[in-house]
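To start, the structure itself, in structure tokens.
Since every read-out is calculated from the coordinates, none of them should be taken as a lab result. Note that the structure is predicted; figures quoted are calculated from it, not measured. Note that each Cβ is placed from the backbone with ideal geometry, even for glycine, and that neighbours are counted across all protein chains shown.
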Amino acid sequence: VTTSPDIALGFDVGGTKVLAVAIDRAGSVLYEERVPTPREYEPVPGEATADAIDAMMAKALVEVQRDVADVVVGVGLPGIMSREGRVVFAANLPAANGAQIGDILRARHEGLRVVCENDADCGAVGEHELGAAQGRDNFIMVTLGTGIGGAIYLDGELRRGANGFAGEFGHVVVNVNGPRCPCGQSGCWERYASGAGLARMTHEAAAAGLLPELVKHRGGAANVRGEDVTAAALAGSNEAVAVVHDVAWWLARGLGNLATILDFDYVVIGGGLVEVASILIPRAQELMPSMVLGGAARPPFAIVPARNGERAGALGAGLVAFERLS
Ligand SMILES: [Zn+2]
């Protein structure tokens, strides 16, 4: 058993996929794998996710030629997490509620050192140490995926709050008359400025006759998906750009609220919608000063895409493991 491991395994468990990386202390990615997120959690919450992590871990250990006791492991999970690493509530992965994946893995592997942390917090650590937020003391990380994940760095430190639950920006209500959210409320920010929000606005725009080219191309309004809009927007379609601009309006609306509260000057955007960052970010950047207190009088904000892209969470989980377990 080494006391100072030179390799960490990082896992990012998302609503649709699990991404694994093996990294060295410099943060170089030595190995990478992704699998679909398991759907079944019976009889014990987290058991199926632990099975998936186990299988990926076995492969990664062969690749990096280490035993399980020689590495440290970090697992990023989507939801509010207790300080002991239990999933207290996951709106977008309800079957994981109550999961204690660290305990399940430790029970299976003697000597395993593992830490579980909120996925967006992992992403923020990754971007702060080795990405777009290097040297930034006051920033937020916002991951625009199925939902919206969030993390807060203020005065140079990741802020967790009384229970470790801080930064769940996605479930701040921005429209009390808005659509129902899996969390139980209506009109949460993530019903608008996320991948799911884009999908909903795409369906509405198609049904309202605002996406004639895409509806024709896909053979009906019901067939047009969010991915069609992002692809068409990147190819220069004005009707598709208009839908992405609607998402950008809601992104700016939420960021303005958060900046009024937290006084950050920098925003790192991660998650799947980063794909369309070249259209989304400039528009949000332009709108945001009009949506924050004293906007015209404040120093400017910068909104940037995560440098580690979709790997940010897994890479950060590995860095969190190095920090806390060695
Ligand atoms: Zn919600």
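The set of residues from the stretch 134-186 being in a strand (DSSP E or B), buried (at least 16 other Cβ atoms within 10 Å of the Cβ) and β-branched (V, I, T) comprises I140, V142, T143, I148, I152.
For the structure I just gave you, tell me whether G184 is more than 10 Å from the ligand (Cβ to nearest atom) and of a type outside the set (D, E). Walk me through it before giving the result.
Values: more than 10 Å from the ligand (Cβ to nearest atom): no; of a type outside the set (D, E): yes.
In short, no.
Filter the stretch 284-300 down to residues that are outside any helix (DSSP H, G or I) and either over 27 Å from the mean Cα position of the chain (by Cα) or surrounded by fewer than 16 Cβ atoms within 10 Å (Cβ to Cβ) (or both), then give me how many there are. Matching residues across the stretch 284-300 total 5. Please list, ordered by first then second residue, the pairs with beta carbon atoms under 6 Å, 6 or more apart or interchain, first in the stretch 144-171 and more than 14 Å from A90 (Cβ to Cβ), second within 12 Å of the ligand (Cβ to nearest atom) and small (G, A, S). Going by the 6 Å Cβ cut-off, the qualifying pairs are L144/S194. Whether any residue in the stretch 311-323 is in contact with a Lys or Arg (Cβ under 8 Å, 6 or more places away or on another chain) and either of a type in the set (D, E, K, R) or surrounded by 18 or more Cβ atoms within 10 Å (Cβ to Cβ) (or both) is what I want to check. Yes, there is a match, as at least one residue in the stretch 311-323 is in contact with a Lys or Arg (Cβ under 8 Å, 6 or more places away or on another chain) and either of a type in the set (D, E, K, R) or surrounded by 18 or more Cβ atoms within 10 Å (Cβ to Cβ) (or both).
Just to be sure before I move on: is T202 in contact with a helix residue (DSSP H, G or I) (Cβ under 6 Å, 6 or more places away or on another chain) and more than 16 Å from the ligand (Cβ to nearest atom) in the structure I sent?
Numbers: in contact with a helix residue (DSSP H, G or I) (Cβ under 6 Å, 6 or more places away or on another chain): yes; more than 16 Å from the ligand (Cβ to nearest atom): yes.
In short, yes.
Filtering A69, A107 for residues that are farther than 22 Å from A162 by Cβ, surrounded by fewer than 21 Cβ atoms within 10 Å (Cβ to Cβ), touching a residue at least 12 places away in the same chain (Cβ under 8 Å) and of a type in the set (G, A, S) leaves a single hit, A69.
Taking the conditions exactly as written (surrounded by 17 or more Cβ atoms within 10 Å (Cβ to Cβ) and either more than 16 Å from the ligand (Cβ to nearest atom) or of a type in the set (K, R) (or both)), does E127 satisfy them or not? Walk me through it before giving the result.
Values: surrounded by 17 or more Cβ atoms within 10 Å (Cβ to Cβ): yes; either more than 16 Å from the ligand (Cβ to nearest atom) or of a type in the set (K, R) (or both): yes.
Answer is yes for this residue.
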